[in-house]
Every structure is written in structure tokens, then in C-alpha cells.
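Structure, as C-alpha cells:
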Amino acid sequence: MPANISTDQVWREVERQFFAVLAFVTARGEARTAGIVYTVRDRQVYIMTGINSWKIRHITANPHVSLTVTIPKRVPLLPWLPIPPATITFQGDASMHAVRDVPPEIPRKLLRGLEPSPAELGAVCVIRIRPQGQFVTYGVGVPLRTMRNPEAARGRAPV
């Protein structure tokens, strides 16, 4: 029986994390991924990247993306024991925005204390991802021992 998890539970976990893997397709149809740092506002995910980056070129050609949030897992009192991370994966549509066109707390959270010059800020943009469909989870909202049973550790919730 799959894990019983709610949309609110998934969003709480997505909001607690800050690292994910962004997947997209190049203009030539080749799959690519990139590790990214993100923040969440109003159940949308925001990423900052260089305005001339390959992420921007590929997402401009095909804005349909997938994001996988990884959630580290540890056994209390046995932190050296290797445990695979829990994951939350979802699809969404990405759009690009100038830094000045997003609420000011988004760049502040993404920059995490860095204070770039106006020229440096002009060389970056913000990618907004609007999730769609369903969250697909593994190991979210279940005890560690349940993660040994993939069927029981998997879950789904509407975005």
C-alpha cells in the first residue's frame, strides 16, 4: 500500500529544503539536469541563474521541466549509516524573469547574504517554476524502516 501523504505535507517539506535537481531538455532533445538552490513563494519555485546560461537557453526552447527535491535521511545515534535520501519529484512550466520583476525577498533568499553589484545583478535572472500535476514522493512522511519497502515508501499527492 502506498504512503498516504497530503499536498500540504509535501509543500511543507519542499519549503524546508533548498537544494534540488532540475531536469530539462535541450533544443536537440537531449536530457540534462542541474543541481540548483531554490526558494518557494506562493507554492511556486524560484531559481537564480546567469542570463546567458545554458539552463536559460534550453528552458527557453522547452519550458516543461521536472524538479526533484532531495531530503537527507539519518539514523539517530548512527549518522554514519548510509541511508538514501527521500525525494519529491514534480513537473512544471518554467518562465524567466528579470531580478527587478520578482518580489524583493526572492533574490534576497536566493543570494543568501551575498550583495552583488548592480552589474552582477544585471547578468542574472530568475526562473519561476509553476508546478503541475502530481507530486511523486519516496520516503516522505514514512518511518525510515518503511523506506526498505519501495511500494510502501512511495506516495502521490496533487500539486
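The Kirkwood hydrodynamic radius of the chain, based on inverse pair distances between different Cα atoms, is 16.8 Å.
Rounded to the nearest 0.05, the FRET efficiency derived from the C-beta distance between Ala23 and Leu78 at R0 = 41 Å is 0.80. Couplings for the stretch 20-34, taken from phi via the Karplus curve 6.51 cos²θ - 1.76 cosθ + 1.60 with θ = phi - 60°, read 8, 10, 9, 10, 8, 10, 6, 4, 8, x, 8, 6, 9, 9, 8 Hz in order; Gly and Pro are left as x. Around the amide H of Ile5, modelled in the peptide plane, lie the amide H atoms of Arg156, all under 5 Å away and 5 or more residues distant in sequence or on another chain. When Trp54, Trp11 are sorted by how many other C-beta atoms sit within 10 angstrom of their C-beta, beginning with the fewest, the order is Trp54, Trp11. From least to most packed, judged by other beta carbons within 10 angstrom and beginning with the fewest, Thr146, Thr89 follow the order Thr146, Thr89.
When each of the peptides 131-143, 76-88 is scored by how many other beta carbons lie within 10 Å of its residues on average, the order from highest to lowest is 131-143, 76-88. A straight line joining the Cα centroids of the stretch 6-42 and the stretch 74-105 runs 6 Å.
Taking the helices alone, the chain has a mean residue ellipticity at 222 nm of -5500 deg cm²/dmol, built from -39,500 (n - 2.57) per DSSP H run of at least 4 residues and averaged over all its residues. Counting other Cβ atoms within 10 Å as a rough exposure proxy, the listed residues Ser95, Ser66 run Ser95, Ser66 from fewest neighbours to most. Go ahead and set up a Gaussian network model of the chain, Cα springs under 10 Å, then flag whichever of Arg148, Arg16, Arg43 fluctuates most. Between Arg148, Arg16, Arg43, it is Arg148 that shows the largest mean-square fluctuation.
Coordinate-derived values only; no laboratory data. Here the structure is a predicted model, which means the values were calculated and not measured. In this analysis, Cβ positions are derived from the backbone assuming ideal geometry, glycine residues included, and neighbour counts consider all displayed protein chains.
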